[in-house]
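Structure first, commentary second.
The values are calculated or read from the model by the stated rules, or taken from the named source; none is laboratory data. Remember, predicted model here, so these are calculated numbers, not experimental data. Ideal geometry is used to build each Cβ from the backbone, glycine not excepted, and the neighbour counts take in all protein chains shown. The protein model used for the area step is the full one, side chains on, heavy atoms only, and it has no ligands, DNA or RNA in it. Shrake-Rupley method; radii C 1.70, N 1.55, O 1.52, S 1.80 Å.
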Amino acid sequence: MLDFLFNTDIGLVILTFAKALALLVPLLIGVAYLTYAERKVMAAIQLRKGPNVVGPFGLLQPFADAIKMITKETIIPSGSNRVLFVMAPMLTFILAMLAWAVIPVNDGWAIADINVGILYLFAISSLGVYGVIIAGWASNSKYAFLGALRSAAQMVSYEVSMGFVLVTVLLCVGSLNLTDVVRAQSKIWFCIPLFPMFVIFFISALAETNRSPFDIPEGESEIVAGFFVEYSSMSFGLFFLGEYANMILMSAMTSILFLGGWLPPFGIEPFTWIPGPFWLILKIVLLLFVFIWVRATMPRYRYDQLMRLGWKVFLPFSLIWLVLTAGVLMAFGLLPNA
């Protein structure tokens, strides 16, 4: 039976499907409970109780929300492009799931441990903007279209800085494989020597996921919720799930690139017996807490402030730090494979 699973094409397909299910089912449950955690944390910060009625401590609230969204009627505006209108949220959600194919949760534990994992992630995150633009255009609403244009400009602006951050990490590792990136941090996490790039990457992740204080595409005070203003029921739910799945993805990327992925802190001996996935999940949870904390405390940026930060601060700084990193690695003979 094991020979069949490992040595035939059908067996490999079944095995890959099983690995995908083993990753995506906990991920979807995590997305559901991230919404619960966000409401609870924000309630605590604002001295409220948060969800506490549906189930013990409100723990069944995410399932109640899901049932409500599934059972509601999907309303498609009469002037919209029906096909694109329905496809846009599906595209956003599917891309958020596809990115997890190359995320290693432990040494060798990845659905597809490819040698260009970082390029794959960068390509998938770049494609995410299409779901937003299609939604805004297909809705045939000026508010949705304005939100889509804002989001497209924002995501493109901050992707440039993220690209330079990724190149800086790659210079230190000498490989595009995410597993190699984590192994290179066995002695010291990259968040220490590359601390400014760590900060830039995390702030850019906030902008990429349209989270506060960069939630301008969804600014309800100006454009009535932005690109998904015309969406309802499960089509709105897919956008919602896609955003929270992207938050978890960006936290996982930050953990892998700068916080040692599944590795314990600095290889400290008492912690090495704890399973690798536990460390990765712990780091993701801590970064998600910062996502929520920032939302509860920071006011929204103006559009011109957001663009100034991306193009006049992050871009030149990340480029200068990339050149400095390359110079230091070259001067001290630390370039990998050199």
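Phe228 meets all of the listed conditions (1) surrounded by fewer than 22 Cβ atoms within 10 Å (Cβ to Cβ); (2) of a type in the set (A, V, I, L, M, F, W, C); (3) in contact with a Phe, Trp or Tyr (Cβ under 7 Å, 6 or more places away or on another chain) but one, namely (1). The number of residues in the range 148-172 being open to solvent by less than 10 Å² (accessible area, probe 1.4 Å), under 18 Å from Gln305 (Cβ atoms) and among the small types (Gly, Ala, Ser) comes to 3.
Every residue, every condition in (1) within 23 Å of the chain's Cα centre (by Cα); (2) loosely packed, with under 14 Cβ neighbours inside 10 Å; (3) within 17 Å of Asn210 (Cβ to Cβ), yes or no:
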{"residue": "Leu241", "(1), (2), (3)": "yes, no, yes"}
{"residue": "Ile274", "(1), (2), (3)": "no, yes, no"}
{"residue": "Leu280", "(1), (2), (3)": "yes, no, no"}
{"residue": "Phe289", "(1), (2), (3)": "yes, no, no"}
{"residue": "Leu315", "(1), (2), (3)": "yes, no, no"}
{"residue": "Thr325", "(1), (2), (3)": "no, no, no"}
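Scanning the range 102-116 for residues that are modelled with pLDDT of 85 or more and outside any loop (DSSP other than H, G, I, E, B) returns a single hit, Val102. All but one of (1) assigned to a loop (DSSP other than H, G, I, E, B); (2) open to solvent by 30 Å² or more (accessible area, probe 1.4 Å); (3) touching a helix residue (DSSP H, G or I) at 6+ places or on another chain (Cβ under 6 Å); (4) not acidic (Asp, Glu) hold for Met234, so report the exception by its number. Unmet condition: (1). When the range 41-85 is filtered for residues that are surrounded by 15 or more Cβ atoms within 10 Å (Cβ to Cβ), among the β-branched types (Val, Ile, Thr) and touching a Ser or Thr at 6+ places or on another chain (Cβ under 9 Å), only Ile76 remains. Filtering Phe57, Phe93 for residues that are modelled with pLDDT under 90, under 25 Å from Val294 (Cα atoms) and either touching a Gly at 6+ places or on another chain (Cβ under 8 Å) or not aromatic (Phe, Trp, Tyr) (or both) leaves a single hit, Phe93. Among the conditions (1) under 15 Å from Ile203 (Cβ atoms); (2) surrounded by 17 or more Cβ atoms within 10 Å (Cβ to Cβ); (3) modelled with pLDDT of 90 or more, the only one that Trp311 does not satisfy is (2).
Beta carbons closer than 9 Å, at least 6 apart along the sequence or on distinct chains, pair a first residue in the range 318-331 that is farther than 21 Å from Tyr158 by Cα with a second that is of a type in the set (Gly, Ala, Ser) and open to solvent by 20 Å² or more (accessible area, probe 1.4 Å) for Leu329/Ala338; Met330/Ala338.
Does at least one position in the range 178-197 carry a residue that is more than 27 Å from Asp113 (Cβ to Cβ), modelled with pLDDT of 90 or more and out of contact with any helix residue (DSSP H, G or I) (no Cβ under 7 Å at 6 or more places or on another chain)? Within the range 178-197, one or more residues are more than 27 Å from Asp113 (Cβ to Cβ), modelled with pLDDT of 90 or more and out of contact with any helix residue (DSSP H, G or I) (no Cβ under 7 Å at 6 or more places or on another chain). Scanning the range 121-130 for residues that are in contact with an Asp or Glu (Cβ under 7 Å, 6 or more places away or on another chain) and either within 25 Å of Lys19 (Cβ to Cβ) or surrounded by fewer than 21 Cβ atoms within 10 Å (Cβ to Cβ) (or both) turns up at least one hit. So which residues in the range 75-101 are part of a loop (DSSP other than H, G, I, E, B) and either under 26 Å from Ile281 (Cβ atoms) or in contact (Cβ under 8 Å) with a residue 60 or more places away in the chain (or both), if there are any at all? Passing the criteria: Ile75, Pro77, Gly79, Ser80.
Note on the range 278-308: residues that are outside any helix (DSSP H, G or I) and either of a type outside the set (A, V, I, L, M) or at pLDDT 90 or above (or both) total 4.
Out of the residues in the range 22-40 that are small (Gly, Ala, Ser) and free of Cβ contacts under 8 Å to residues at least 60 places away in the same chain, which is most open to solvent (accessible area, probe 1.4 Å)? Looking at residues that are small (Gly, Ala, Ser) and free of Cβ contacts under 8 Å to residues at least 60 places away in the same chain, I get Ala22.
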